[in-house]
Amino acid sequence: MDAKSFRLLEFPDVLARLADQTSFPVSRRLAEALEPTADAVLVARALDETDEARGFLAEHPGARIGGARDIAPWTDRAARGGRLEPGNLLEILATLETTRRLRGTLGEERRPLLRELGRSLQPLPSLSARLSQSIDPSGELLDTASPALGGLRRQVRIAYERLRSRLEAIVHGTEATALQEPIITLRNGRYVVPVRADARSRIKGIVHDQSGSGQTLFVEPLVVVELGNAWREAQLAVQAEEERILDELSELVAANAPALRETLEALARFDFWSARARLAGELNAVRAQTSERPEVELLSARHPGLGTEVVPIDLRLGGDYTALVITGPNTGGKTVSLRTLGLLALMHQAGLHVPAAPGSRLPIFPDVFADIGDEQSVAQSLSTFSGHLRSIVRIVESAQPGCLILLDELGAGTDPTEGSALAQALLDHFIRAGALVVATTHYAELKTYAHNTSGARNASVEFDLETVSPTYHLAIGLPGTSQAFAIAERLGLPEDLVADARSRLSEAQQEFEATLASIKETQSRTDAAADRARESELRAADARRTAEIERARARRERDDAFMSACDEAERALSAIRAEIRAARDALERETLTAGRLDELMGRLDRRLETLPSAGPQGLQGQASSGSAEGAEAPVEWAVGMSARAATGGWEGRIHRIDDAGRATLEAGGLRVVVPVGELVAVAPNGSAEPSGRAVGGSPTSGRRGEFGPVTHSADPGTPTRARRQAVVASSLDLRGARVEEALQLLDDYLDQASVARAGRVTIIHGHGSGALRDAVRATLSSHPLVSEWRPGERGEGGDGASIVSL
């Protein structure tokens, strides 16, 4: 891509800010070398990396690699057979410690790119343990670095103490009068005492140095020469052992050099990704959607170099028009709009989030070209026009379909008539080439060109005449004016001069300016009305959401009340069953008297009166205190009769009776096969007929059985009634219904299915135009009783049906 345009669009400034977010030199070099790419796959990968790093830092705000160091030079030196110093080894140890902590954090990471990056981190525990045993935090070798080093160092200390003790005896003994000062000092690595030159004969020894005046000789007394030799030999032994240890550790680093390089690269990439995430947070940036076609839509876009007070702009380009001509007063923000578009495009293609609102879209440009600023040069004999033209020639030669071209003050610096003609020719060329082009100008001819050309649009930066200052808002669709006369008046130019200047405009120019002002005023009123309409729409949407929430709350309260009533009924029924079992036991023991039976029936009636009312439905029990012993005569079942299954509660018309003694019940499009022996006759009002077979047996039949679930009916005098279980079809066919009618049927059906404890149902809406399908699925997505839904598969109706889980 065009490197010169990167500089003109201030992309290096963004890279400098990115580099400041890094933590160590390796990742800083990655940040400084970042370049936009035209490869869509690489752009998507880089944006994914920034996304994952941003999410990770939101969950782990303190995650950094502050302990890592650039160990590449030390790794390379060791690989070449060089010896590393303790400080170098300490940096490698610190880097391995950082690697261990980061790998532990990334080990359970759910984000795939970060999880993959974590696998590249190799903490090398054996190398880390060896270095920890050998190097202290200040970068010195520890006594534990080898078995011999500690003993050798002790020998150095012992030899030193002996040497110092003997020298102290000389300094403070009888020979002290021969000394210039009673001190011990070092010369050429040997301990000496300062002897006066005139007393040289009093202390026998080796002269290592003398003072500048020659009055003091630094003498190593003969009596300590052997002690000094012993101390020096011990030092050399320690030095040899330390060098051996460093060689050994360097060889260990060399053996792990490939793993260390891979780890260093992974640490740098993590820090680089994190720097991009931190920069995005600092800019309050978002990931722009990548357009498949060359279309730009920037919402509330901000130039990253203008601080937090910058006025955001909305900019659209592509589709109906591929050229945008921006006009307006100087310092109004025309050039800033150019730079904002170009810089955000480069940031997007470098994998960075852009400072704009969510919903912004940017394509992958094959190249971005910019001609911004004055490139006149005295040294090269270039005027302003020549400087611009040289850049434009380069752009014309390199332009290709889908590229972005940004031209500031197109055609300026020469005769206005010729400059505007050249500008129109260039815009025509770029439109035919399939490029997206944005140009700024003051030429009225270009305003007319943009108005009359199908592939071009006018745009303007607005200006506040009251404050004589630009608003920096970009308005697409209307050309701008330079406001030269208004600015001159506000700044104090005499009115007669301004009036004279206005009179020199042609009549056509004056009419054009007046018409433009009128259009802008109308546009302002229209925009205000649109803003009010949007606000009303938002309020209506809020009201609708509130109503939906209240509706869902009412449903929950209703369901809670229903379940509470059911629980209360079950508790009462448990007590009734206990009373019945006690009565049966008494009957079997023949201890139940008529009085006790009447008392029992009275208690049962009173318990039933306390049950929550369940309406007139329900299965009437077949047992009562006056019923005769023995079973009723069986019913002769026939096709078309109404019946109910004793177990399951299924109710409907008998559709078929097979030879195996099974009946098929049909109700609401649903068919259920049950044994004929389980059928109970049903009266037209839905209650079980007295002549039907008893559910679960009669309490006075002599058989030990249990009554089924019982709820209170409208007749409190009937002590036992079997509860009718809710039955609902497993599918709802909405084909042929209008959308409003279908949605009401759907809502009622889901209520019934939920009460019936249906786990999964099928909604049949067909294919058609798709309007009914889309309305049904939109309702399912927000319905409080629906946990999830999916389109039907083969054998389930395909896309003409929706499978719903409640």
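Can you tell which of E85, E97, E10 is of a type outside the set (S, T, Y) and closer than 15 Å to L346 by Cα?
After applying the criteria, what remains is E10.
Give the stretch 756-785 a look and list any residue that's open to solvent by 40 Å² or more (accessible area, probe 1.4 Å) and either of a type in the set (S, T, N, Q) or assigned to a strand (DSSP E or B) (or both), or say none.
R760, I764, S769, S781, S782
Which of (1) open to solvent by less than 60 Å² (accessible area, probe 1.4 Å); (2) more than 25 Å from the chain's Cα centre (by Cα); (3) without any contact (Cβ under 8 Å) to a residue 40 or more places away in the chain does L8 not meet, given it meets every other one?
(3)
With the condition being open to solvent by 30 Å² or more (accessible area, probe 1.4 Å) and at pLDDT 80 or above, I'd like the strands (runs of 3 or more DSSP E) fully within the stretch 647-700 carrying at least 1 qualifying residues. Spell out how you get there, then give the answer.
Working: elements: 651-657, 662-667, 670-675, 679-681.
Strands (runs of 3 or more DSSP E) meeting the threshold: 651-657, 662-667, 670-675.
What's the total number of residues in the stretch 186-228 that are in a strand (DSSP E or B) and surrounded by fewer than 13 Cβ atoms within 10 Å (Cβ to Cβ)?
Kept after step one, since they are in a strand (DSSP E or B), are these residues of the stretch 186-228: 186-187, 190-196, 205-210, 216-221.
In the following step, the residues that additionally are surrounded by fewer than 13 Cβ atoms within 10 Å (Cβ to Cβ) were identified as 186.
Final tally of qualifying residues: 1.
Check whether at least one residue in the stretch 92-111 is among the acidic types (D, E) and either in contact with a strand residue (DSSP E or B) (Cβ under 6 Å, 6 or more places away or on another chain) or under 22 Å from V286 (Cα atoms) (or both), and report yes or no.
To start, the set of residues in the stretch 92-111 that are among the acidic types (D, E) comprises 97, 108-109.
Cutting the leftovers down to either in contact with a strand residue (DSSP E or B) (Cβ under 6 Å, 6 or more places away or on another chain) or under 22 Å from V286 (Cα atoms) (or both) gives us none.
Within the stretch 92-111, none of the residues are among the acidic types (D, E) and either in contact with a strand residue (DSSP E or B) (Cβ under 6 Å, 6 or more places away or on another chain) or under 22 Å from V286 (Cα atoms) (or both).
May I ask you to say which residue of R166, R154 is in contact with a Leu (Cβ under 7 Å, 6 or more places away or on another chain) and on the phi < 0 side of the Ramachandran plot? Give the derivation first.
Values: R154 fails: in contact with a Leu (Cβ under 7 Å, 6 or more places away or on another chain).
Going through R166, R154 in turn, just one is in contact with a Leu (Cβ under 7 Å, 6 or more places away or on another chain) and on the phi < 0 side of the Ramachandran plot: R166.
Tell me, please, whether a residue that is surrounded by fewer than 16 Cβ atoms within 10 Å (Cβ to Cβ), at pLDDT below 80 and not basic (K, R) can be found in the stretch 402-424.
Yes, because at least one residue in the stretch 402-424 is surrounded by fewer than 16 Cβ atoms within 10 Å (Cβ to Cβ), at pLDDT below 80 and not basic (K, R).
Please work out which residue is least open to solvent (accessible area, probe 1.4 Å), limiting yourself to the stretch 465-484 and to residues that are at pLDDT below 70 and over 22 Å from H303 (Cα atoms).
Of the stretch 465-484, the ones at pLDDT below 70 are 465-471, 480-484.
Those left that are additionally over 22 Å from H303 (Cα atoms): 465-468, 481-484.
Working: L465: 68, E466: 138, T467: 83, V468: 43, T481: 19, S482: 45, Q483: 49, A484: 63 Å².
Ranking the candidates gives T481 first.
Run E32 past the list (1) charged (D, E, K, R); (2) in contact with a Leu (Cβ under 7 Å, 6 or more places away or on another chain); (3) touching a residue at least 24 places away in the same chain (Cβ under 8 Å); (4) open to solvent by 40 Å² or more (accessible area, probe 1.4 Å) and report the number of the one that doesn't hold.
Condition (3) is where E32 drops out.
Would you check if E568 is modelled with pLDDT under 75 and open to solvent by 70 Å² or more (accessible area, probe 1.4 Å)? So that I can check it myself, show each step before the final result.
Numbers: modelled with pLDDT under 75: no; open to solvent by 70 Å² or more (accessible area, probe 1.4 Å): yes.
The answer is no for E568.
Report whether or not M601 is under 30 Å from L780 (Cα atoms) and modelled with pLDDT of 65 or more.
Numbers: under 30 Å from L780 (Cα atoms): no; modelled with pLDDT of 65 or more: yes.
Criteria not met by M601.
For the stretch 242-334, which fully contained strands (runs of 3 or more DSSP E) count at least 2 residues that are open to solvent by 10 Å² or more (accessible area, probe 1.4 Å)? Walk me through how you get there before you give the answer.
On the way: elements: 289-291, 296-301, 313-317, 323-327.
Passing ranges, in order: 289-291, 296-301, 313-317.
List pairs: first residue in the stretch 301-320 and under 22 Å from N458 (Cβ atoms) and touching a residue at least 40 places away in the same chain (Cβ under 8 Å), second residue part of a loop (DSSP other than H, G, I, E, B) and of a type in the set (K, R) anywhere in the structure, Cβ distance under 6 angstrom, at least six positions apart or on different chains.
Partner pairs satisfying both residue conditions: P312/R302.
Taking the stretch 114-142, which residues are loosely packed, with under 14 Cβ neighbours inside 10 Å and not in a loop (DSSP other than H, G, I, E, B)?
E116, R119, P125, S126, A129, Q133
The values are calculated or read from the model by the stated rules, or taken from the named source; none is laboratory data. Predicted, not measured: the structure shown is a model, and the values here were computed from it. Please note: Cβ atoms are built from the backbone with ideal geometry, for glycine as well, and neighbour counts cover all protein chains shown. All accessible areas refer to the heavy atoms of the entire protein, side chains included, with ligands and DNA or RNA removed. Shrake-Rupley method; radii C 1.70, N 1.55, O 1.52, S 1.80 Å.
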